[in-house]
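Let me begin by presenting the structure, written as structure tokens, before commenting on it.
What follows draws every value from the coordinates through simple rules; no lab data is involved. Only a predicted model underlies this, so the values are computations on that prediction, with no experimental measurement involved. Quick reminder, even Gly has a Cβ in these numbers, built from the backbone with ideal geometry, and neighbours come from all protein chains shown.
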Amino acid sequence: MKLYLRGHEDRYAVEQLQLALFPEETMEPVDAPFAGDGAVSALSRGSVYLTATAKITLHGKTAFAMRRVKRTDDVPTVRRLLQNTYYAAAMQLRQPPEWGSLSGVRPSKLTTRHLLAGGDAAGADRLLKDAYHVSPERRRLCIEASLATVEAAKRLRENDISVYVGIPFCPTRCAYCSFVSASVERLKDQLPPYLDALEKEIAHVGKLLQQSGRRVRTLYIGGGTPTTLSTVQMQRLMDAIAAHFDLTDLIEYTVEGGRPDTLSLTKLKTVRAMGCDRMSINPQTMNDAVLSCVGRRHTAADTVAAFADAKQAGFEGINMDLIAGLPTDTPDSFASSLEQVLALQPTNVTVHTLALKKGADLFFDRLRLPTADEVRQMLQGAERRLRAEGYAPYYLYRQKYMSGSFENVGWCKPGFLGLYNIYMMEELHSIISLGGGGMTKINLPGGKLERFHNPKFPQQYIERIEDVLSQKDVAFALLCRSTR
Ligand code: SF4
């Protein structure tokens, strides 16, 4: 679907909204007027008013909207004007989406900000309803996640940070994956030099942490699938972390087991003995036919066995991920997957919605994907069952290209908030990320953020490790100048 801007350059704001409101249409930015289907977002600046218009033509039907505000240079106000105008036009052509005109990745940041500034849940609800047209169900999720965030924020002090360590390797590549993760089947040789480089970065960051006097509160080893590492490699990695980081004040240490086929009792015991207290074991579905379809070489039985091993190894906090919208899956089969997961009684369940981004294997063309309505049924059923079992939502986020433009929600039993997920997603404090693809985010005064990217691919990371270390010096210098 074409998108042409006239009189403004906030392409991101309008593009995100168009993607969210018309997920079935391919985005096609254009820089000249056109005829036929597409959208035009325009802004004119008068001496008293800013006037925005949006004209959208789809399948031969045209909708038009105009909105104005008192002239201002305030970027968020202008952005809201453009988005509200586009939304008003779009609503003449389609049903209101669940998230209304909210198109960002972190919808709960709005309500969290409202609550942290002293507002209450009723005010947060009005904000989502009146300014963004969010549905009652999504408002409830959002506000509950924000209330959990407020609780998590109480555990933080001025100098706290969290650390992410990335292992961008997986046993095989899932068909829906758009992450840079490398399959160890293909790139086995890169693992040892990758770990060498990562150890260098761990040692360097350890020094910087000590000099800066920052406390590490949560530590997350993610991927990829970190447990793709052998038990010996896992021990080596966690030894390096323990040797160089002061973990005295750590309140949560997570390892993403991810794929059950990478977990053994010995490996789990090793990880637990190194201080990790939270494990993620992600079946995605408990339907073996669907697992096989998406190229995950494990079965539901492997997940059950890995869960039992994790319990035996002493893990209390265990998260399990499911994905709604996988190819060939149905609402009944998804509900059955959830029941099998609930029977294991994990402390956390994260319900994702499939997001098929560029980079995912194209073979999806040949498979039946659940419709947006089926995905809605899956999510509604999951919410009902999770609430009945005593779980509550504690964090949520959205991605581009999600089925039905829904969301991913982390659910937990009382007392089992996934703190790293909250701190990272709500951007409550700085996150130092190590390893290939890691993104360090330094929180600056005034709610601003500065991002530092490590090279994406393992080989680049290995080759450019000295640059990575220098960049960490810059990030920490900035961190020390900031307050939180
Ligand atoms: S486990 Fe996750 S990161 Fe690895 S290939 Fe599958 S989707 Fe990608």
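Overview of values
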read-out	value
Cut-off under 5 Å, modelled amide H: who pairs with GLY418 long-range	none
Using alpha-carbon coordinates, inclination of helix 372-388 to the longest axis of the chain, degrees	60
Loop-exposed GluC sites (Glu not before Pro) per DSSP, neighbour cap 16 Cβ within 10 angstrom, longest uninterrupted part of the chain	159-315
Cβ-based charge dipole, the stretch 119-210, positive-most Cα from ILE167, LEU198, PRO136	PRO136
Contour excess over end-to-end distance, with Cα ends at SER178 and THR72 and 0.36 nm allotted per residue	34.2 nm
Cα centroid separation, the stretch 416-451 to the stretch 27-101 (Å)	32
For GLN95, net neighbour charge (Lys/Arg +1, Asp/Glu -1) across residues whose Cβ lies under 12 Å away	0
Pairwise Cα inverse-distance average, inverted: Kirkwood Rh of the stretch 339-484 (Å)	18.3
Neighbour net charge for LYS2 - beta-carbon separation under 10 angstrom, K R +1, D E -1	-3
The chain: angle of helix 136-153 to the longest principal axis, Cα-based, in degrees nearest 10	50
Calculated FRET efficiency for the pair ALA203/PHE457, C-beta based, R₀ 25 Å, to 0.05	0.65
Reciprocal of mean inverse Cα separation for the chain (Kirkwood radius, Å)	23.8
Likely footprinting exposure, CYS480, CYS142, CYS276, fewest C-beta neighbours within 10 Å first	CYS480, CYS276, CYS142
Per-residue [θ]222 nm for the chain (sum of -39500 (n - 2.57) over DSSP H runs n ≥ 4, rounded to 500)	-12000 deg cm²/dmol
In Hz, Karplus ³J(HN,Hα) per residue of the stretch 14-31 (6.51, -1.76, 1.60; θ = phi - 60°; x = Gly, Pro)	7, 4, 4, 5, 4, 4, 6, 7, 10, x, 7, 9, 7, 6, 9, x, 10, 10
Acute angle (nearest 10 degrees) that the helix 191-212 long axis makes with the longest principal axis of the chain, alpha-carbon atoms	80
Sequence of PHE245, PHE476 once ranked by neighbouring C-beta atoms within 10 Å, starting from the fewest	PHE245, PHE476
Net charge of neighbours whose Cβ lies under 10 Å from the Cβ of THR51, counting Lys and Arg as +1 and Asp and Glu as -1	+4
Amide H contacts of GLY258 (H built 1.01 Å from N, under 5 Å, at least 5 apart or other chain)	SER280, ILE281, ASN282
Cα-projected label distance for ARG140 with ASP473, points at 7 Å along beta-carbon direction, nm	5.5
Gain upon complete extension [VAL48, THR266; 0.36 nm per residue less C-alpha separation]	71.4 nm
Largest-first ellipsoid semi-axes for the stretch 2-90, taking √(5λ) over the Cα gyration tensor eigenvalues, angstrom	22, 13, 12
